[in-house]
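The structure under discussion appears below in the form of structure tokens.
Bear in mind that the values in this text are calculations on the coordinates, not laboratory data. Since the model is a prediction, treat every value here as computed from it, not as a measurement. We place every Cβ from the backbone using ideal geometry, glycine too, and count neighbours over all the protein chains shown.
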Amino acid sequence: MKPHQISGGIRGLQFLRDFFAAQDADGIRAASEGISREFGSQLPDVVDWLEVEYDFNRLFVGPAALPAPPYASAYEDDPTLMSPRTLEVRNLYRRMGLATPDQGSIPDDHISFELDALLGLVALENAGGPNAPDASAMREWLVLNHMSQWVPRFITAVTEEDASAPVLLAIRSLERWLDAERDRLADTQTEQSGEEDVHDQKR
């Protein structure tokens, strides 16, 4: 895997972002079909997308208490909205020159916002130039120090529910992406450490 590639490809990550940001059955369907194509996973031949929308809202939106909140602060030992973890993510967005829409109405650490930020960081890396190293460092922090701390717990919360097939497809694809991304970043860190050791030996 090349340094700036991602499991499922850029399109796969875009469809994951769109899935968790979906507003209705049509949006859920379009994103689910995209995830199915990009991650090579099969959807059922017949899907009642209005039922999937109901399931999506039950799990991720409300208005009742959410069994699987799609934002990081819900998975802290003392869950609170706008926690220090949330503010860390908001600071990362600011460093990128971004801000969430209607700031405060949806937590900044919502999974769709974090995936969108990741897409922006990958684009900055691939563009090269003076901002690429900072983008690489921010991407590493976002995946290894932030998302790795809460997304597995989010995935577990969803899989413990009687979730619909498209929801499970999205959550399993998210899991595949995270595992591959963590492995890629760990390999990159090992390579960089080896290069530094070689440079030190030459001095």
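Could you derive backbone 3J(HN,Hα) for region 133-140 from the dihedral phi with the Karplus parameters 6.51, -1.76 and 1.60 (θ = phi - 60°), listing whole Hz in sequence and x where the residue is Gly or Pro?
Couplings: x, 5, 5, 5, 5, 5, 4, 4 Hz.
Please work out which option in [x] 91, 56, 29; [y] 46, 38, 36; [z] 64, 37, 29 gives Cα extents along the principal axes in Å calculated from these coordinates, and answer with its label.
[z]
Mind ordering 146-155, 180-189 by average Cβ neighbours within 10 Å, highest first?
Details: 146-155: 17.6, 180-189: 15.0.
Ranking, from highest mean packing down: 146-155, 180-189.
When only Cα pairs under 8 Å and 6 or more residues apart are kept, what is the percent relative contact order across the chain?
Numbers: 197 pairs, mean separation 54.8, N = 203.
This gives 27 percent for the chain.
At L87 and D102, where each label point lies 7 Å from the Cα along Cα→Cβ, what is the point-to-point distance in nanometres?
Distance between label points: 2.5 nm.
What do you get for Rg/Rh of region 51-153 when both radii come from the Cα atoms and Rh is the Kirkwood radius? Display every interim value, and only then the final one.
Numbers: Rg = 14.7 Å, Rh = 14.6 Å.
Computed over Cα atoms, the ratio is 1.01.
Near the amide H of A68, under 5 Å away, which other amide H atoms are found, from residues 5 or more places off or on another chain, if H is placed in the peptide plane?
Those lying under 5 Å, H to H, from A68: there are none.
Compare the Cα positions of A64, I111, V46 along the charge dipole of region 1-160 (+1 at Cβ of Lys, Arg; -1 at Cβ of Asp, Glu; about the Cα centre) and return the one farthest towards the positive end.
Result: I111.
Sort the following peptides by mean Cβ neighbour count (other Cβ atoms within 10 Å, averaged over residues), highest first: 47-53, 14-20.
On the way: 47-53: 15.9, 14-20: 22.6.
The peptides rank, most packed first, as 14-20, 47-53.
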